[in-house]
Amino acid sequence: MLKIVVMISGGGSNLQAIIDGIAHGVITDAEIVGVISNHKKAYGLERAMEHHIPCQVVSRGDFANQAEFYQALLAAVDGFMPDLIVLAGFLVVLPKDLIVVYRNKIINIHPSLIPAFCGTGYYGLHVHTAALARGVKIAGATVHFVDEGTDTGPIILQKAVEVKAGDTPESLQRRVMEEAEWVILPKAIRMIAKGEV
Ligand code: GAR
């Protein structure tokens, strides 16, 4: 059984997709052993609690400095003894120690077709605002392993999504989530749990 820790910062719709994927048998041989959020008020925490998944909040504001915050983050992850860490809208740059200790065991969902619209500053709605400003006709999402760079790790899965006339960043974000993120993230976890990656 693959033990998964999901790290979130906000709504947690991708966390929900994983919960549903396990409930509906899309993901087998895996369980979510914990959810870590850097925001106390992240709606994703409510989703986790509804499903009786242990949650932990590690918020930068509760620590005197970045080093102490990072230490607490690493301790929180270690406490769950995960086989896989899933960054599902976790908008904190990970401590280097965590990346080293859990090399090839951390994956991230990014709301674009990497290498487009990724790297520093490209997260959440900003990605879709930039894509529309550039006038791209195809958007999408990527699941990739996390290394020391920002969105630079090996790609596991990608899925393209059509940009439609009149799209706003919000409407495009919603379509990319529905058609790509919530599909490829559970699929990538299933593949990892089955030893196919
Ligand atoms: C998702 O669109 C995810 O791809 C993005 O944040 C959103 C979180 O939504 N992540 C990034 O931009 C990471 N660079 P959610 O909390 O509803 O899953």
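The values are calculated or read from the model by the stated rules, or taken from the named source; none is laboratory data. If you're wondering where the values come from, they're calculated on a predicted model, not measured in any experiment. Quick reminder, even Gly has a Cβ in these numbers, built from the backbone with ideal geometry, and neighbours come from all protein chains shown. Remember, those area values only see protein heavy atoms, side chains included, never the ligands or the DNA or RNA. Shrake-Rupley method; radii C 1.70, N 1.55, O 1.52, S 1.80 Å.
Couple of notes before you dig in:
- Applying the Karplus relation 6.51 cos²θ - 1.76 cosθ + 1.60 with θ = phi - 60° to segment 147-158 yields 3J(HN,Hα) values of 10, 5, x, 9, 6, 9, x, x, 7, 9, 9, 9 Hz, where x marks Gly and Pro.
- Pairwise label distance in nanometres, V100 with V197, each label 7 Å out on the Cα-Cβ vector: 2.3 nm
- Exposed-site-free run, longest, the chain (rule: GluC sites (Glu not before Pro); DSSP loop; at most 14 other C-beta within 10 Å): 1-147
- Taking the helices alone, the chain has a mean residue ellipticity at 222 nm of -10500 deg cm²/dmol, built from -39,500 (n - 2.57) per DSSP H run of at least 4 residues and averaged over all its residues.
- Span from the segment 1-52 Cα centroid across to the segment 140-171 one, whole angstrom: 20 Å
- Rounded to whole numbers, the Karplus 3J(HN,Hα) couplings from phi for segment 41-47 are 9, 4, 5, x, 5, 5, 4 Hz, using 6.51 cos²θ - 1.76 cosθ + 1.60 with θ = phi - 60°, and x at Gly and Pro.
- Computed about its Cα centre, the charge dipole of segment 139-181 is approximately 180 debye, with only Lys, Arg, Asp and Glu carrying charge at their Cβ.
- Using the Karplus relation 6.51 cos²θ - 1.76 cosθ + 1.60 with θ = phi - 60°, the per-residue 3J(HN,Hα) values for segment 79-85 come to x, 8, 6, x, 8, 8, 10 Hz, with x marking Gly and Pro.
- Area accessible to solvent at K187, 1.4 Å probe radius, in Å²: 80 Å²
- Just so you know, the Cα atoms of the chain work out to an Rg and Dmax of 16.1, 48 Å.
- Accessible surface of the chain, 1.4 Å probe: 54 percent of it comes from carbon and sulfur atoms.
- Amide proton proximity set for L157, modelled H, under 5 Å, gap of 5+: V143
- Of all lysines in the structure, the ones whose alpha carbon falls short of 29 Å from that of K96, not counting any fewer than 8 places away in one chain, are K3, K40, K41, K105, K159, K187, K194.
- Relative contact order of segment 41-197, defined on C-alpha pairs under 8 angstrom at six or more residues apart (%): 17 percent
- Gyration tensor verdict on segment 1-85 (Cα atoms; rounded if a/c is under 1.5, prolate if a/b is larger than b/c, oblate otherwise): oblate
- For segment 149-172, backbone nitrogen atoms closer than 13 Å to the point 7 Å from I138 Cα along Cα-to-C-beta are found at 158-163.
- Taking segment 125-197 and dividing mean pair separation by its residue count, relative contact order in percent (alpha carbons under 8 Å, at least six apart): 33 percent
- Rounded accessible area per residue of segment 82-197, 1.4 Å, Å²: 48 Å²
- Relative contact order computed over segment 61-148 (Cα-Cα under 8 Å; 6+ residues apart), in percent: 30 percent
- Summarising the overall dimensions of segment 43-124 from its C-alpha atoms, the Rg and Dmax are 13.9, 37 angstrom.
- Nearest 10 degrees, 0 to 90: helix 182-193 Cα axis against the chain principal axis: 50 degrees
- One chain, two ends: E31 and T120. Fully extended at 0.36 nm per residue, the span grows by 28.9 nm beyond their Cα-Cα distance.
- Of the chymotrypsin sites (Phe, Trp or Tyr not before Pro) in segment 9-84, the ones in a loop by DSSP (not H, G, I, E or B) with at most 15 other beta carbons within 10 Å are F63.
- In the assembled protein chains, M81 presents an accessible area of approximately 130 Å² (probe radius 1.4 Å).
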